[in-house]
Structure formats: structure tokens, C-alpha cells
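Working notes, beginning with the structure itself.
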Amino acid sequence: MSLYTPPAFREDRPEVLLRLMRTSRLPLLISNGANGLPDVTHLPLLTDGVRIVGHLARANPHWKALRDGARAIAIFPGPEGYISPSSYASKAEHHRVVPTWNYEAVHAEGPIEIIEDAARLHEIVSTLTDHHEKPRAERWKVGDAPAEFIAGQLKGIVGVVLTIEALIGKRKLSQNRPAADRDGALEDVDQHNAGLAEAMRAARDGN
């Protein structure tokens, strides 16, 4: 697995990687496809740090290429955004500054298992639903829908379980800039991109 990660931006702490993966909004599942092009699917994924679980539409041909022990990469993007040179203190000193883009991402690689068993599929969708309903005051549960309706819906999906064998994390959050530039960029981003500002603040504080 290859991801360009200069030392200033490399993240290896398991607890940080797990946090980034669990807060990612819409990961991507990528594997080798036909004609030398990758198969890519955007889908919600959930992980405990050992396995990654989710499901694909049965009509999506991507899952058929994942049978028989295929390997895949799950990409968990985090907050991202443009950084203007105008936010740097050093701009006023020498003007030798250029724009950049800050972001966080985690790549996880491993073998994929395809799940078609109804009971295991029910467990996967219930776990995913409970996770995403947790912040809501009135939480919907899979059991709120009629059992026969859910059984029919499960026939339209297949589960995927990726066993994590390699993890690479990258947090490009202005760590390579002087402290005054980092503070200026953070102050600027805080006005229009709260998620990225929170990530930059966490990186500055060593979290």
C-alpha cells in the first residue's frame, strides 16, 4: 500500500487512526477491477480497529470481484480545505509563500470477505444504523420496520468485511509551517471551515 506521507504529516498512533476512521463521513472501498482500472464504491463503513464492515448493493458489480479472498483498500477521508497564503504571518515578511490544501486521511488494506447470510447481514446493518442514529434524540432502529420488509431489503445487499492488515494515516495540517503561520492559518480557517479548524487545533496540541 502506497500513500505519500512526508514525516511531518505521517500519523501512526493507533488510537488517532481509529478516531479518524470512526468519524469519517463517507469512506471509499477500492479494489482491482477489470481492464486495469480500479473498482471504487462510496459507502458507510464502521471499524473496531481490527475489521471494517459495510455493505454494497447486490446490483453493484464491485462485490463480485471481491469474492475468493480479494484484497481491497478502504480510504477514510477527514476534514479538508484550502489554505490561503494571505493567512500566513510570513507573507508580510517576505511574500515567499504559496497556497496549499490541508486534509486528513487513513488508508486501510486487507483481504475482503463477502457476506450473504441473512443473519450476519442483519447484524451489519443494525450495527451501522445504531452507530449513525446515536446522536439523534429519537433513534430509529432496524427493528422498528416490519420483519418481512427488512428481510426483503437484505436480499438487495451483500456485506463486506475487510480484515485490517496495514494502516497508513496522513494529517497534513500545517505542521511544517512556523508557529505564527500555523496560528494564522488556523484563525483564518476557523471562520469558514469548523471541521478543518478542529483538526488543525488537535494536531497543534499533539492530539
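The values are calculated or read from the model by the stated rules, or taken from the named source; none is laboratory data. This one's a predicted model, so the numbers in the text were calculated from it and none came from an experiment. Glycine also receives a Cβ, built like all others from the backbone with ideal geometry; neighbour counts cover every protein chain displayed.
Some observations on this one:
- Residues located in region 48-68, provided they are among the hydrophobic types (A, V, I, L, M, F, W, C) and in contact with a Leu (Cβ under 6 Å, 6 or more places away or on another chain): ILE52, VAL53, TRP63
- Pairing residues of region 122-138 that are free of Cβ contacts under 8 Å to residues at least 40 places away in the same chain with residues that are buried (at least 17 other Cβ atoms within 10 Å of the Cβ) and part of a helix (DSSP H, G or I), at Cβ distances under 6 Å and at least 6 apart in sequence or on separate chains, gives SER126/VAL142; THR129/VAL142.
- Residue that is nearest to the chain's Cα centre (by Cα), among those in region 50-92 that are closer than 26 Å to ASN35 by Cβ, of a type in the set (A, V, I, L, M) and modelled with pLDDT of 95 or more: ILE75
- Residue satisfying condition, being within 23 Å of the chain's Cα centre (by Cα) and of a type outside the set (Ser, Thr, Tyr), within set ASP130, ASP144, ASP117: ASP130
- Region 158-183, residues that are more than 24 Å from GLY49 (Cα to Cα) and touching a residue at least 12 places away in the same chain (Cβ under 8 Å): SER174, GLN175, ASN176, ARG177, PRO178, ALA180, ASP181, ARG182, ASP183
- Just so you know, in region 76-106 the residues that are of a type outside the set (Ser, Thr, Tyr) and surrounded by 20 or more Cβ atoms within 10 Å (Cβ to Cβ) include one that is nearest to LEU128 (Cα to Cα), and it is PHE76.
- Number of residues in region 30-69 that are surrounded by 14 or more Cβ atoms within 10 Å (Cβ to Cβ), aliphatic (A, V, I, L, M) and more than 15 Å from ILE164 (Cβ to Cβ): the value is 4.
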